[in-house]
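We did not get these values from a lab; they are worked out from the coordinates using the rules stated. These figures come from a predicted structure and were not determined experimentally. Reconstructed Cβ throughout: ideal geometry from the backbone, glycine too, with neighbour counts over all protein chains shown.
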Amino acid sequence: MNPAGQVAHPPPKPVLLFDGDCGFCQRWVLRWRARTGERIECIPFQSVRVAGEFPELAREQLARWVHLVEADGRVFRGAEAIFRSLACVKRWPLWLYRHVPGAALGSEAAYRLVAANRQFFSWLNRLL
């Protein structure tokens, strides 16, 4: 549990910020929405709304990682943001991330690998 920051004006429910120009990201967000329903709002970081509501969040960081802004104002990014967003429907992946030695480190490394190679993983995702 290492927040990436805090926003001054928290949203009423968690908000997942993703790269709306990335096909890989768009496909995964559709999957998350199918699981999380209305419990989490998903917004492309390129939206004008994001800059207005969360001016504390640097655009270059938003371009690199998915971010989750919690209803208490805490901000998480990368794999932790994903596990936290999915925890509204399944808590065990977040529990593993937090409590199993090496799980957080491995998850974040895998996230960075995928984020740095989105086109390849997008192709692989479509292939599978």
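Using just its DSSP H runs of length 4 or more, each adding -39500 (n - 2.57), the chain gives a mean residue ellipticity at 222 nm of -15000 deg cm²/dmol after division by all residues.
Of all DSSP-defined beta bridges confined to the chain, some 65% are antiparallel rather than parallel.
Put simply, the amide H of Phe45, placed in the peptide plane, has neighbours under 5 Å in Phe18, Asp19, Gly20, leaving out anything fewer than 5 places away on its chain.
For Gln6, what is the net charge nearby, where nearby means another residue's Cβ is under 12 Å from its Cβ and Lys, Arg count +1, Asp, Glu -1? Taking every Cβ under 12 Å from that of Gln6, the sum is -2.
Fully extending the segment from Ala58 to Trp95, taken as 0.36 nm per residue of separation minus the present Cα-Cα distance, adds 10.5 nm. Cα centroid separation, segment 1-61 to segment 78-128: 16 Å. Taking other Cβ atoms within 10 Å as a rough exposure proxy, Tyr97, Tyr111 sort from fewest to most as Tyr111, Tyr97.
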